[in-house]
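A.B. asks: One structure is given below, represented as structure tokens, and several questions about it will come after.
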Amino acid sequence: MDIGIVSMRYAKALIDYAYNSGKEDIMYREFSTLAHSLETYSELREALLNPILSTEDKFTLICTAACGEQPASEEFKRSIALIQKNRREGMLQYISLSFQRLYRQRKHIGTAKLTTAIPVSQEVEERIRQTASSLLHARMELQTEVNPAIEGGFIFDINDFRLDASIATQIKKVKQQFIDKNRRIV
């Protein structure tokens, strides 16, 4: 079966289980942390695919990646046990991301990412979050990133739209205009 289909089926079952047990917010935090850990640490993904590691070691590794030193919720543990029972550890990142997407759809939460050349203050972050929230009539999750390569300005991604007001992009556009004009002259 296709990875996307399988991961979405698991995510739908897990989100229904989370809502029925009333622990959807806790499981969302755990799956979000797990997805971030799997994205950030390639060694974690490799360890989950390693046939030498026992199921118990993988279970402990997953719970630690999702919750750190705090104990994982019972619902999360049961979910991971089901995934392991069916040998779907390799799809855990996709399942986690699908779970996040379904949770955000049910709770009407939008996602936004702000990329700037220098760090922005907490006040500015909150103002941007509130403005986007009022425009979309949804609660917003704002992720900020500092990338000095954009040289100034900002890049704002909201859901599937991008507003690129970075200096680097403006310079590229001006450069491209000069190149286009010179091609016509020659």
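A.B. asks: For residues that are more than 11 Å from residue 112 (Cβ to Cβ) and not β-branched (Val, Ile, Thr), tally how many sit in region 140-159.
C.D. replies: 8
A.B. asks: Another question, then. Looking at residue 4, is it free of Cβ contacts under 8 Å to residues at least 60 places away in the same chain, surrounded by fewer than 12 Cβ atoms within 10 Å (Cβ to Cβ) and within 23 Å of residue 105 (Cβ to Cβ)?
C.D. replies: no
A.B. asks: Can you name every residue in region 41-55 that is in contact (Cβ under 8 Å) with a residue 12 or more places away in the chain and surrounded by 13 or more Cβ atoms within 10 Å (Cβ to Cβ)?
C.D. replies: Hits for region 41-55 are 44, 45, 47, 48.
A.B. asks: Cβ-Cβ under 9 Å, sequence separation 6+ or interchain: first residue in region 112-131 and in the same structural domain as residue 165 (by TED's automatic domain parsing) and closer than 20 Å to residue 159 by Cβ, partner crowded, with 18+ Cβ neighbours inside 10 Å and among the hydroxyl-bearing types (Ser, Thr, Tyr). Which pairs?
C.D. replies: Short answer, once both residue conditions are applied: 115/166; 116/166.
A.B. asks: Check region 165-186 and report whether any residue there is touching a Phe, Trp or Tyr at 6+ places or on another chain (Cβ under 8 Å) and surrounded by 13 or more Cβ atoms within 10 Å (Cβ to Cβ).
C.D. replies: Yes, region 165-186 contains a residue that is touching a Phe, Trp or Tyr at 6+ places or on another chain (Cβ under 8 Å) and surrounded by 13 or more Cβ atoms within 10 Å (Cβ to Cβ).
A.B. asks: Only one residue in 8, 27 is modelled with pLDDT under 95 and in contact with a Ser or Thr (Cβ under 8 Å, 6 or more places away or on another chain). Which one?
C.D. replies: 8
A.B. asks: A further question on this structure: Tell me, which residue of region 59-74 that is in contact with an Asp or Glu (Cβ under 9 Å, 6 or more places away or on another chain) and surrounded by 19 or more Cβ atoms within 10 Å (Cβ to Cβ) is farthest from residue 22 (Cα to Cα)?
C.D. replies: 62
A.B. asks: A follow-up question, please. If residue 156 meets every condition in (1) surrounded by fewer than 16 Cβ atoms within 10 Å (Cβ to Cβ); (2) within 28 Å of residue 121 (Cβ to Cβ); (3) not aliphatic (A, V, I, L, M) apart from one, which number is that one?
C.D. replies: (1)
A.B. asks: For the subset of region 18-40 comprising residues that are without any contact (Cβ under 8 Å) to a residue 60 or more places away in the chain and polar (S, T, N, Q), which member is surrounded by the most Cβ atoms within 10 Å (Cβ to Cβ)?
C.D. replies: That would be 37.
The values are calculated or read from the model by the stated rules, or taken from the named source; none is laboratory data. Keep in mind that this is a model prediction, so the values were computed, not measured. So basically every Cβ, Gly included, is an ideal-geometry build from the backbone, and we count neighbours across all protein chains shown.
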